[in-house]
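Here's the structure we're looking at; comments come further down.
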Amino acid sequence: MSRTLISQAQLRRGRGRFLYWTILTAVIVVFTLVFIGPLYWMVTGALKSGQEIAQTPPTIWPKDPQTQNYTDAWNNLNLAKLMFNTFYYAAGAVVFQLIFDTAAAYALSKLRPMFGNVILGAMLATLMIPAMVLIVPQYVTAIDLPLVHVSLIDSPWALWLPLVANAFNIFLLKRFFDSIPEDLIAAAQVDGASPLRTLWSIILPMSRPILGVVSIFAVTYVWKDFLWPKLVMPSPETRTLSVGIYAFSGGTPMNVVVAASVIAAIPTVIIFLIFQRNIMAGLTTGSLKG
Amino acid sequence: MATMTSVPETKRTPRVYAVKVQTRRGRKLRDNLTGYAFLIGAIFCFALFSWFPMIRGIVMSFQHTKRGVTSWVGFDNYTRIVQDPSFWTAWKNTFYFTVLALILGYLVPFVVAILLNELRHGKGYLRILVYLPVMLPPASALFLFKYYAYDPSDAGLFNAILKFLHLPTSEWMQSPTMTMPAMVLASTWMNMGGAVLIYLASLQNIPGELYEAAELDGAGIFRRIWNVTIPQTRLILALLAMLQIVATMQVFIEPLILANGAGTQDSATSVAYLIYQHGFFQNDLNGAAALGVIMLLVLAAFSAVYVRLTTKQD
């Protein structure tokens, strides 16, 4: 490992060594408290009764842990349905982003049609537009599609189509495809492979890591998104988890709302723990070398 | 092609040449068509949900729709939006949130990244910890803060800690002065992980010799941070500053969930929340579009200043 701010030698000797271990312990304790503490409080708090949660000082471990709040949340908020909806939207988002964004990035990187750079520029320019600015005209578009006059309200297409318009994905994928040697493509062409065949048999197998990153980001994006699904998926049958919990939060005991929030967070936490390496790598490559 | 056979000997050469040109052009056309066949899905989605809405938002802000009839009204929507008493409150709150988030949410990740970069143990664990909140659905995390952490009674998590430390407790979201700091605190906790990881990656790219040389010149830790770390990460620092300003100026879900939208004495109303209010509760989509255009201009001004600063330095 190359040296950083403080040299290795300084940390190994006498006072430096003592200071290092003190700071390391302190950092680990403080970070665990700051980042896991609230989650612990959330999970155990929802195990407490309504009386116990209002008690002062609060109990660190529930005196009489009960799963009542969790079962209430699951049944009263119809979390199974909400969870299925969110999962379904996330799966669709992955499929459509992978199909259309990889195809577009492949065309921009390898087929390079006329005005390809103009199109790429127009796509990247959308990164500069704040999402909040577009929310009203996007909504107006979704309730009455131009020319065909169809409403996408409560239809999953209202979530999937805007997600394909993701310039960041196209940029990431294009940059990855750019690094694939041109010779490979030329060789495939000599063998008579069509562009689609080249994409499918040569480019995609080489791009597994980046496709994984794009997929994980799509899933977490759908799971975390709030305002857009709240606007275009208003019915109780089509809501996502976050939107459904918010819609119920007014008339539901707070412990039940928190229990539902815990359940809603479990899938993304599991995804994170499994794929943390890919997620962190994707995050830093996506932003640093841009 | 059938005519080729009847072509007289003398004219053959130019004819063949012409056919060749045509097929080359034909292939080029075909290649372009293939290219666009691959692009069409993405272009369609961008056109429908990015390019067209951008223009439509601007057009809508100069129109008014009443009982299905749309007419041009000039700057009427803008004057109405600006005269709304919440307009200036929302901008004041949004700027306040942005500045507080810059102090807390911008400085803390950098310090945390510098600290983590010096540790030789437990780095993987600490990185997971910092990024974990980013993976939570914001609605989930905010309900945790709203009901448990910011409970204004002594049963709330933060008040219990403050009481344990013999510090004065707070009313949190029920106090107009604490509303914003509380929202920034929750927002920073939820979002700082990404910035920490990006800083960490950029810190790892700093050549060790620079620190070595600075140390030989007798520079202490803080001097080394000031003279080596910051200049070496300047670009990423500037980039993240701009990204954060653009993101925090659009703060929406924090006021919506933590403060039920407006908050105590309008202390939480943000510009984004006002867009939502006008568009989806007051049935004033045109006014909301006008407010969106104003927000776009303000954020564009920020971007322009940023571009100016970075090009000046280089």
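The values are calculated or read from the model by the stated rules, or taken from the named source; none is laboratory data. Quick caveat, the model's predicted, so the values are computed rather than measured. We place every Cβ from the backbone using ideal geometry, glycine too, and count neighbours over all the protein chains shown.
Some observations on this one:
- Subset of segment B:277-292 [touching a helix residue (DSSP H, G or I) at 6+ places or on another chain (Cβ under 6 Å) and either at the interface with chain A (Cβ under 7 Å from one of its Cβ atoms) or part of a helix (DSSP H, G or I) (or both)]: B:HIS278, B:GLY279, B:LEU285, B:ASN286, B:GLY287, B:ALA288, B:ALA289, B:ALA290, B:LEU291, B:GLY292
- With respect to the conditions (1) in contact with a Pro (Cβ under 7 Å, 6 or more places away or on another chain); (2) part of a helix (DSSP H, G or I); (3) surrounded by 18 or more Cβ atoms within 10 Å (Cβ to Cβ), A:GLY92 lacks only one, and its number is (3).
Residue-by-condition table, conditions (1) part of a helix (DSSP H, G or I); (2) facing chain A (nearest Cβ under 10 Å); (3) closer than 30 Å to B:SER202 by Cβ:
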{"site": "B:ARG224", "(1), (2), (3)": "yes, yes, yes"}
{"site": "B:LEU243", "(1), (2), (3)": "yes, yes, yes"}
{"site": "B:GLU254", "(1), (2), (3)": "yes, no, yes"}
{"site": "B:ALA272", "(1), (2), (3)": "yes, yes, yes"}
{"site": "B:ILE275", "(1), (2), (3)": "yes, yes, no"}
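- Residues in segment B:122-162 that are among the basic types (Lys, Arg) and within 7 Å of chain A (Cβ to nearest Cβ): B:ARG127 only.
- Residue under evaluation A:LEU5, criteria (1) over 24 Å from A:THR252 (Cα atoms); (2) within 32 Å of the chain's Cα centre (by Cα), criterion not met: (2)
Every residue, every condition in (1) at pLDDT below 95; (2) outside the structural domain of B:THR94 (by TED's automatic domain parsing); (3) small (Gly, Ala, Ser), yes or no:
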{"position": "B:ALA259", "(1), (2), (3)": "yes, no, yes"}
{"position": "B:GLY263", "(1), (2), (3)": "yes, no, yes"}
{"position": "B:ASP266", "(1), (2), (3)": "yes, no, no"}
{"position": "B:THR269", "(1), (2), (3)": "yes, no, no"}
{"position": "B:GLY279", "(1), (2), (3)": "yes, no, yes"}
{"position": "B:ASN283", "(1), (2), (3)": "yes, no, no"}
{"position": "B:LEU291", "(1), (2), (3)": "no, no, no"}
{"position": "B:VAL298", "(1), (2), (3)": "yes, no, no"}
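- When segment B:81-114 is filtered for residues that are more than 21 Å from B:GLN250 (Cβ to Cβ) and surrounded by 18 or more Cβ atoms within 10 Å (Cβ to Cβ), the ones remaining, listed by number, are B:PHE110, B:VAL112, B:ALA113, B:ILE114.
- In summary, A:ILE119 fulfils each of the numbered conditions (1) touching a Lys or Arg at 6+ places or on another chain (Cβ under 8 Å); (2) closer than 18 Å to A:LYS174 by Cβ; (3) facing chain B (nearest Cβ under 7 Å) with the single exception of condition (1).
- Count of segment B:172-217 residues which are surrounded by fewer than 18 Cβ atoms within 10 Å (Cβ to Cβ) and more than 30 Å from the chain's Cα centre (by Cα): 8
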